[in-house]
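Trainee: Please see the structure below; I have some questions.
Derivation of every value follows stated rules applied to the coordinates shown; laboratory data play no part. Predicted, not measured: the structure shown is a model, and the values here were computed from it. When we count neighbours, we look across all protein chains shown, and the Cβ atoms used for this are built from the backbone with ideal geometry, even at glycine.
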Amino acid sequence: MKVSRVSLSMAGLALAPNLHAAPEIEIGSEYQLNVVHSDNGLNEEAKQSSTTSFNLKGAKVVFRGKLSDDISWTVLYKAKESELERIYVTHRVNENLELTLGKQKNKLYGLHRKLTSGVTTPVVAAHLAHNPMKDRVAIDITYKLAGSLSLQLIDDYSCAPSNTSCKSWNQGKDEPIVTNSSETQTVQKQPAAAFEWYGSFGELSPLVQYAVYDLGKSSSASAGLRYKTETVDAYFDYTMDTRNNKGVDSTDPTKSAKEKTTYTGMVVYGEFKTGLYSPFVHFSTLATDPFQAPGSTEVDTVASESNGAGKLDRNAMIVAVGTHFENWGAYYRPFVDVTLSRGEFVDPSNPTKKEDRTKTDLVAGLIGKF
C-alpha cells in the first residue's frame, strides 16, 4: 500500500480528521523511566532492606492509520515485553455509530483503567491486576448518546489446558472434571459481554460498566465520576468483580460447583495544573473476599485472605502524593512522588493471625511521548 503521508503523533491521541480519502499513517511512542528508593517494607522483617533501582517501567510504540475517511486502524506494540498489545480496525458508520474489531482495550475496571496505563501514570491501583480479560479480541459497537454507549462482545476468559490449577469454566478441554465423572469441562462456546456508558455533561463525565464472563458465571461492575476543567482533572471509581471459579461439589465429587471470590477496588485521583507544576494525589484500595472450602482451618482462612510475600495481591491500600513538572510541555513530563503501600500478611510468628506491613517508595521519573 502506498503511504500518502507519515507524521509523528503522541500515542493515545485521536487522529486529526482527514479531509481526503487517501491512506495515511501516524507513528507515536510513549515510555516511562524511573528511579525508585524503597524500604521494601512488604517483605518479612528479616528481608527488609532499603534498595535503589533504575527501571524502564514500560515502553510502547503505536502505529495508526486511515484506509479512508471512515476506516482507521491501530497497532500498539509493547517494546519492553515484546508483545503485540492491541491491533484493531474501526469503521465509522456515521456521525453517531462506530464499529471496532480486533484485539483492543476491554471496557472493564472503571475510570482508572480507562484513562491510564502502567506507562502513562506514576501510580497504578493494585486491583487492576485482577482484571480477568484486559486486552482481548472483541467486537465493539459504540453509539453517541449523551456521551458514548457501547457494547463489546469479547473472547471469553479461559485457561490453557496445560494450567492444572485453572479454575475457569472455559478450560478449553473436553474431559471429566474428576476421574470417572460423567460431567466434562466445557470448551468456549459463547463470548463474554461488556456494557459501558461514558457520559458527557460539560465538566462532568459519569461512567457505568457491567460485564459477564466465564460462560456467564462471573461478572464485573464499575461506576465512577470524572470532573475535568482547564485546571483540575479528578475522578472517583469503584469496581466489584464477582469471580465464580469452577470447583468440585463437596457433597458430590462427580459434579462441579461455583467457588465465589469477590474483589473490590476503589480509586480517588486528582491532578491540579498550576502552571509549571501539576501536583497529584492518589488513593486506592483493594479488598478480597476469597472462597473458603468447607472445613477450612483458621490457618487456611488467614492464608487465603493475606497477601503473597512482598506483594499486594489480596488486600491493599495505596496513598501517593507528587507532582509533574510541565516546563517541557505535555510530551516530556518529569515527576516525583512518595508512595505508601499497605497490606495484610500472615504473621510469621503466628500463622493464625495477620499483620500489617507498609512500604514507602520515593520515586523520580519521566513520562515521555512523541
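Trainee: Test of understanding: ordering Met317, Met240 by Cβ neighbours within 10 Å, fewest first, what list do you get?
Mentor: Result, fewest neighbours first: Met240, Met317.
Trainee: Okay, next question. Let me test this: with uniform point scatterers at the alpha carbons of the stretch 6-369, what is the Debye-based log₁₀ I(q)/I(0) at q = 0.06, 0.12, 0.14 1/Å?
Mentor: With no solvent term, the Cα-only Debye profile gives -0.27, -1.07, -1.38.
Trainee: Could you tell me what percent of the DSSP beta bridges with both partners in the stretch 6-369 are antiparallel, to the nearest 5?
Mentor: Among the beta bridges of the stretch 6-369, antiparallel pairing accounts for roughly 100 percent.
Trainee: Using the Cα centre as the reference, give the magnitude of the dipole from point charges on the C-beta atoms of the chain (Lys, Arg: +1; Asp, Glu: -1; all else neutral), rounded to the nearest 20 debye.
Mentor: Approximately 760 debye in magnitude.
Trainee: Add +1 for every Lys or Arg and -1 for every Asp or Glu among the other residues with Cβ under 12 Å from the Cβ of Ala59, and state the total.
Mentor: Once positives and negatives cancel, what remains is +1.
Trainee: Give the distance, in whole Å, between the Cα centre of the stretch 237-298 and the Cα centre of the stretch 86-163.
Mentor: So the separation of the two Cα centres works out to 19 Å.
Trainee: Further, regarding this structure: For the stretch 296-370, what is the convex hull volume of the alpha-carbon atoms per residue, in Å³?
Mentor: 95 Å³
Trainee: Could you list the chymotrypsin sites (Phe, Trp or Tyr not before Pro) in the stretch 253-337 that lie in coil according to DSSP, counting only those with at most 14 other Cβ atoms within 10 Å of their Cβ?
Mentor: Taking the stretch 253-337 and a limit of 14 other Cβ atoms within 10 Å, the loop chymotrypsin sites (Phe, Trp or Tyr not before Pro) found are Trp328, Tyr331.
Trainee: List Glu259, Glu83 from most exposed to least, where exposure is judged by having the fewest other Cβ atoms within 10 Å.
Mentor: Arranged by neighbour count, lowest to highest, Glu259, Glu83 become Glu83, Glu259.
Trainee: Let me ask another. Between Leu56 and Leu99, what is the label-point separation in nm under the 7 Å Cα-to-beta-carbon projection?
Mentor: 4.0 nm
Trainee: Leaving out same-chain residues fewer than 8 places away, which lysines sit with a Cα under 30 Å from that of Lys47?
Mentor: Within reach: Lys57, Lys80, Lys311, Lys353, Lys354, Lys359.
Trainee: List the lysines whose Cα sits under 23 Å from the Cα of Lys246, skipping any in the same chain fewer than 8 residues away.
Mentor: Lys134, Lys167, Lys173, Lys189, Lys217, Lys255, Lys258, Lys260
Trainee: Here's a follow-up. Go through the stretch 143-149 residue by residue and turn each phi into a ³J(HN,Hα) via Karplus (6.51, -1.76, 1.60, θ = phi - 60°); whole Hz please, and just put x for glycine and proline.
Mentor: 10, 6, 8, 6, x, 9, 10
Trainee: Applying 1/(1 + (r/R0)^6) with R0 = 22 Å to the Cβ-Cβ distance of Tyr238 and Ser304, what FRET efficiency is obtained, to the nearest 0.05?
Mentor: It comes to 0.40.
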